[in-house]
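What follows is a single structure, written as C-alpha cells, with notes after it.
The values are calculated or read from the model by the stated rules, or taken from the named source; none is laboratory data. Here the structure is a predicted model, which means the values were calculated and not measured. Here the Cβ positions follow ideal geometry from the backbone for every residue, glycine too, while neighbour counts run over all protein chains shown. What goes into the accessible areas is simple: the full protein's heavy atoms, side chains included, and nothing from ligands, DNA or RNA. Shrake-Rupley method; radii C 1.70, N 1.55, O 1.52, S 1.80 Å.
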Amino acid sequence: MSPVYDKLVDLLVDRFAVDRATIGPDVTFEELEMDSLFLVELLLVIESEFQVKVGEEAAAPTDTIATVVKVITDEIAATAP
C-alpha cells in the first residue's frame, strides 16, 4: 500500500504481537480485539516512530487501519517543510 501502512503493520506485528495475516487496510482495531487502552499505547508508539503529534482522539476501536494511516500521512504532510 504505502510506506506508512507497511511501517504501521510492522509495529502492530513486532511490538504488539498481532498476527500479520489478520491485518488489512479495512480491518478495524475492534476486529483485531484491541480496545481503547491499547489504542492509547499504539498512538504513543506512532508519535515516537513517525515523529508526528497525534491526539488520543486520532483512533477509535471502530476505525480501520487505513483510517489511522491517513491520520499519520496527513500529519506528516502538515509538518513537512
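Just the residues that are over 17 Å from Val9 (Cβ atoms), under 12 Å from the mean Cα position of the chain (by Cα) and open to solvent by 80 Å² or more (accessible area, probe 1.4 Å), please, taken from segment 24-55.
Result: Leu44, single match.
Restricting to segment 48-57, give me the number of residues that are on the phi < 0 side of the Ramachandran plot and either in a loop (DSSP other than H, G, I, E, B) or at pLDDT below 85 (or both). Don't jump to the end; show me each part of the working.
Within segment 48-57, the subset on the phi < 0 side of the Ramachandran plot is 48-50, 52-57.
After this cut, where a residue has to be either in a loop (DSSP other than H, G, I, E, B) or at pLDDT below 85 (or both) as well, the list is 52-57.
Of the residues in that region, 6 qualify.
Could you list, in sequence order, the residues of segment 1-23 that are under 17 Å from Thr67 (Cβ atoms) and surrounded by 14 or more Cβ atoms within 10 Å (Cβ to Cβ)?
Hits for segment 1-23 are Val4, Tyr5, Lys7, Leu8, Val9, Leu11, Leu12, Val18, Ile23.
Return the residues of segment 10-27 that are touching a helix residue (DSSP H, G or I) at 6+ places or on another chain (Cβ under 9 Å) and closer than 21 Å to Leu37 by Cβ; say none if nothing qualifies.
Leu11, Leu12, Val13, Arg15, Phe16, Val18, Asp19, Ile23, Val27
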